[in-house]
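Right, one structure below, let's go through it.
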Amino acid sequence: MDARRRWRRALRTSSGEHPTWTLLVAIVLAVPLPVLAVAAPPRAGPGTGPAPAARSAALPQGVRIVAATATLGGYLGSHGSNAFWGIEFTDDSTPTRALVAVGDYLNTTPISWFRFGGDGSAYDPTTSTLYSPPSNGTGTYVAATEQLWNLTWFRSFCLTRPTCYWLSSLPGEENNTQAAVHYAKWYHNVLGLVPTRWEFGNEPSQWTDFGMNITTWSTSASLHPTGPGYAAMVRAYIRVVSRWFPGDQYIGLEAACACNRLLAEDTAATDGATVSSVAYHSYPTIPGSNTSLSQFYGTLQSRANITTTAARFRANVALGCATCTDIPIDLGEYQAGPFHAFSPFTQTYAGAPWLAASAIQALYQNLSMFTVFDWNALYNASTSNVTWEGKLYQRLLPNLTMGRDYAVNVAAPGVGGVEALLTVNGTHESLLVVNTNTTQALNLSIVRALFPVGALGSYWTWAPGQGLPLAHRNVRLATSYLVPAQGILLLDNY
């Protein structure tokens, strides 16, 4: 069983919240955040000239405006509207009543991939049995009846949606093909809802009971899978399950980090031709990113960012299978780290531009799935409140066109921390700009070769001090906009 997951389960309260976040957020709330009031351009109907650029009514102390220009870069990849945004479901026995509210929230977002992971390595969903270390902390795991995942609720939730993709696990750590078939038959024939893709457990580099029957798992076990051993298990599982269910699909690996080179290399070499994708997890952190706002945003420019980790993981996959260079890469878990003490800034406004900039980096790397850890980061089931990151998913991202992705070059001398992306689907285009710089705002000029400024459209702006993004609909799109420090700008044409 994954030691990190045992820690996570002990940390959670019965409501599914992270107590560490609550403690640290109190510290962060004492940090002053700049507030920028932005005057919206006047509404303009057909026949009028372009609306003037949004201007600052009052700049926060220490913030200056820098002239910037956005131009079109190269083609990056393509993502359908239902093939990118994901969320992890918390394995904490959340009551059905709370899950219904979570589901209602998720239905207002573009999220369509739902992942069941984490503690599931020690959970048998076919009998609703959870195996956990004994109360004294040492010895053979103790079985207890518990509905760790409410799959009955999830089935009803999933079947009411126009699009619902989901992931669940075969018992990889047991390395037992009979158990794998038993699980697959249960999902197919009893639950009646088959995962879009099977996983083979979670983060195999953290396993300690590889090859042992789950009833004999122990805190003293130290049986870790080798790269070849894990890859052989994946191959055996696919072969035996495919005999029964030839249409089933698989994610070859949910790596704990991009650094799991041997697992990625060996899985690609052995199983690259038979899996739909491989995934890694990332919780970027640098010194001070839990206490300093600029350092929190600094993770996006560090070697811990998605740009670096995705390239590293893709290179590891290519080492094992040179012909698998086009195998889809998923980001299976993502949040501001470190894992054991998530940055408290995620629970403030700063979490929204940080996550938006992260999503742009993921699209630049042409990742196939971007999975936020976990739904608690977006929606607080105890208070029925949508968090700052949750508002991003509910109020802004549904307006982002998904289709072909293009890089956007932002020339802003002396300004770092700007991410920008153009997405195109037929005649529908979106331009997303995120400025994570804490001391410099952008007076951003947009050329017609990049985006149809002057045409009718809508745009959204968000800045510190605003509870929600401000929507400006049915206006003529201007040729320049003010993007505040820590601000988000989304343009959408008609």
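The values are calculated or read from the model by the stated rules, or taken from the named source; none is laboratory data. Predicted model, so just to flag it, every value in this text is computed and none were measured. All Cβ positions, glycine included, derive from the backbone under ideal geometry; neighbour counts span all protein chains shown.
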So for region 260-270 (the condition being under 17 Å from Ser368 (Cβ atoms), in a helix (DSSP H, G or I) and out of contact with any Phe, Trp or Tyr (no Cβ under 8 Å at 6 or more places or on another chain)), does at least one residue qualify? yes
Evaluate the following for Thr69: is it farther than 23 Å from Glu199 by Cα and not assigned by TED's automatic domain parsing to the domain that holds Leu355? yes
Based on what the data block shows, is Asn409 crowded, with 21+ Cβ neighbours inside 10 Å and not assigned by TED's automatic domain parsing to the domain that holds Thr90? no
What pairs can you find where one residue is in region 212-234 and surrounded by fewer than 17 Cβ atoms within 10 Å (Cβ to Cβ), the other is among the charged types (D, E, K, R) and assigned to a helix (DSSP H, G or I), and their Cβ atoms are less than 6 Å apart, with a gap of 6+ or different chains? Pro228/Asp266
I'd like the full set of residues that are at pLDDT below 90 and part of a loop (DSSP other than H, G, I, E, B), limited to region 117-144. Gly117
Return the residues of region 452-469 that are touching a residue at least 60 places away in the same chain (Cβ under 8 Å) and over 14 Å from Leu392 (Cβ atoms); say none if nothing qualifies. Val453, Gly454, Leu456, Gly465
Can you tell me how many residues within region 145-189 are part of a helix (DSSP H, G or I), at pLDDT 95 or above and hydroxyl-bearing (Ser, Thr, Tyr)? 4
Across region 398-437, what is the total count of residues that are farther than 22 Å from Pro484 by Cα and part of a loop (DSSP other than H, G, I, E, B)? 5
